[in-house]
1. Kindly provide the helix-only [θ] at 222 nm of the protein assembly as shown, computed as the sum of -39,500 (n - 2.57) over DSSP H runs of four or more divided by all residues, to the nearest 500 deg cm²/dmol?
2. Got a sec? Charge dipole of the protein assembly as shown, +1 on Cβ for Lys and Arg, -1 for Asp and Glu; which of B:Met59, A:Gly173, B:Tyr186 is way out at the positive end?
3. Quote the accessible area belonging to A:Glu44 in square angstrom, nearest 10, computed with a 1.4 Å probe and with ligands, DNA and RNA left uncounted.
4. Quick check: residue separation of B:Leu244 and B:Met198 times 0.36 nm, minus the Cα distance between them. What number comes out in nm?
5. Compute, for B:Ile250, the solvent-accessible surface of its heavy atoms (probe 1.4 Å) with the complete set of protein chains present, and express it in square angstrom to the nearest 10.
6. Please list, ordered by chain and number, the residues whose modelled amide H lies under 5 Å from the amide H of A:Val166; skip anything fewer than 5 residues away on the same chain.
7. So what J values fall out for segment B:39-54 if you push phi through Karplus, 6.51 cos²θ - 1.76 cosθ + 1.60 with θ = phi - 60°, rounded to Hz, Gly and Pro as x?
8. Please turn the phi angles of segment A:121-132 into ³J(HN,Hα) values with the Karplus equation 6.51 cos²θ - 1.76 cosθ + 1.60 (θ = phi - 60°), one per residue in order, whole Hz, x for glycine and proline.
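The values are calculated or read from the model by the stated rules, or taken from the named source; none is laboratory data. Note that the structure is predicted; figures quoted are calculated from it, not measured. Methodologically, a virtual Cβ is constructed for each residue, glycine included, from the backbone with ideal geometry; neighbour enumeration extends over all protein chains shown. Calculation scope for accessible area: heavy atoms of the full protein, side chains included, ligands and nucleic acids excluded. Shrake-Rupley method; radii C 1.70, N 1.55, O 1.52, S 1.80 Å.
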Amino acid sequence: MDERFTLELRDISFSYPARERRQNFSLAVKHFVPSGQCTAIMGENGSGKTTLGKLAAGLLRPDAGCVLYDGEDIAGWKLGQIGRQVGYLFQEPSRQLFTPRPLEELSFAQKLRGVPQDEAEDKATELLRQFELEHIKDNTTYTLSRGEKQRLAIAAAMVAQPRFFVLDEPTTGLDKRRRGILAETLHSLMSKNVGILLISHDCAFVDEMQADIRIMDGGGLVDA
Amino acid sequence: MTRKLQRTVRLPDPRVVFALAFVLSSFAVVIRGNLWLMIGLMAVSLLCAVCIGVDFRQMWRRLRRLLQLLLIVSILRSVFAPSGTILLELWGVQILTVGGIQIGALVLLRLGLFITSGAMFTCYSVRVLIQGMVQIKMPYELAYMVSVGVRFIPQLAEELKDSLTALQLRGVVIEELKLKKKLSLYTYLILPVIVSSMQNAKELAMSMEMRAFRAERNRTSFYALSLKPSDIVMLCGILAFTILMGVILIVGVDIF
Ligand SMILES: Nc1ncnc2c1ncn2[C@@H]1O[C@H](COP(=O)(O)OP(=O)(O)OP(=O)(O)O)[C@@H](O)[C@H]1O
Ligand SMILES: [Mg+2]
């Protein structure tokens with residue numbers, strides 16, 4: 001991971017499929033390149049932060065314009081290929097937890113990709129330790145507390161070692177100490193040249209990450 | 001919903017449709033090997049569905065995919081369970097036989113009957129259906145459960161889609177996987193959906209109890225169904241039809 005990953009959004013416009021009697025949300029972003037190592041997107045509820053993050057991670061495809069990874073248009077990429085470059089943390093943690101045991105949660109995707117069992121489990125254990133989840137590694141995933149689920153989901157997003165992260169409100173449900181640990185983890189990722197797009201309402205955390213702040217309002221980025 | 005409620009005034013009583021759907025789908029299960037009888041039954045059920053006002057174009061659009069699959073199944077059955085006159089033979093393998101087509105057609109018709117029976121309910125609003133279930137003495141809780149279950153279906157579909165996306169974002173390229181791994185992947189997908197729906201159900205139940213659902217033994221209803229003379233005629237018709245079919249099946253009258 002030597003080369004810094006560059007993400008670029010160019011002349012993006014997007015709107016959710018119209019349904020009758022519903023007000024339609026549309027997003028328009030002329031040009032957006034996360035400038036620093038960590039860029040924070042802030043703004044009111046419903047201003048389109050999550051939508052922007054999903055567009056950046058290829059989860060939603062823009063109606064017009066393009067998303068470029070290292071200068072390459074991702075329009076034709078498969079989600080799995082995107083996932084190897086960019087990690088994405090959903091705002092809702094329970095939708096991205098798949099297995100009954102936390103340890104398996106961190107190892108199964110690697111196994112599906114052909115990583116040998118031992119190696120996958122070593123890495124999973126290491127991540128569990130890092131996020132202080134070791135003691136519950138054999139509990140039931142679905143009955144974990146909100147904050148434990150959140151940490152597990154973050155750890156799971158890190159397994160594939162992507163070069164860029166889109167984190168949608170990663171601090172929701174975390175206590176003060178765990179927020180500190182998350183900040184540390186993210187800082188150490190940044191020192192390995194991994195870029196971060198942080199969507200958050202948590203001013204203190206954004207400060208702690210020394211992020212460049214961009215504000216969203218009504219589906220557009222407010223000029224910096 | 002109110003418009004649908006008004007429209008249902010002109011439809012037969014939902015209880016008539018319950019009876020009809022019950023009779024049709026029971027015969028669909030009972031009839032074996034008698035293709036002509038099955039075709040007759042299908043014709044009757046289509047006729048009923050048209051009279052009730054099932055929107056066939058919409059139904060067709062929804063079921064087209066499923067029907068394609070069924071067609072493949074029926075061809076497979078004629079390849080692997082060949083019998084009767086051979087219609088098409090390639091390199092010594094019987095591709096299409098009369099017997100095989102008959103079996104395939106039976107399977108198709110059976111599922112078709114289930115689908116048309118179910119589709120008849122789509123003309124009614126959920127409120128009317130619950131009332132119908134309650135008035136045939138089905139426990140209110142059970143009737144309510146059915147309606148809540150129906151409400152969750154689109155949500156489940158949404159969740160399944162989200163989970164699939166999340167899984168791919170872990171760097172798994174589904175198209176590259178071998179079949180065995182692909183199958184294990186689907187088990188990973190189904191689990192969270194089941195768990196989350198169970199949690200949803202539990203939370204819904206709790207919040208309903210907190211709002212005094214079931215505090216009284218019986219829930220009164222402003223809206224009540226009553227059988228019109230035309231409904232009674234239809235019920236008699238269904239009864240007569242059932243007896244006729246029963247006689248044909250038991251005595252084995254070979255009317256065709
Ligand atoms: N799948 C969807 N279909 C239709 N509209 C949607 C969909 N998802 C989001 N929206 C709408 O798009 C708008 C922006 O939503 P978005 O989730 O991007 O907001 P947000 O800035 O992330 O808000 P929050 O701070 O609450 O997370 C909202 O008005 C929402 O109703
Ligand atoms: Mg959001």
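1. Details: 16 runs with 261 residues, N = 480.
Result for the protein assembly as shown: -18000 deg cm²/dmol, rounded to the nearest 500.
2. So the residue we want is B:Met59.
3. For A:Glu44, solvent-accessible area is about 130 Å².
4. Using 0.36 nm per residue and subtracting the Cα-Cα distance, I get 12.1 nm.
5. 150
6. A:Gly87, A:Tyr88, A:Leu89, A:Leu197
7. Once θ is set to phi - 60°, the couplings for segment B:39-54 become 4, x, 4, 4, 4, 4, 5, 5, 4, 4, 4, 5, 4, 5, x, 5 Hz.
8. 6, 4, 5, 4, 4, 4, 5, 4, 5, 4, 9, 6
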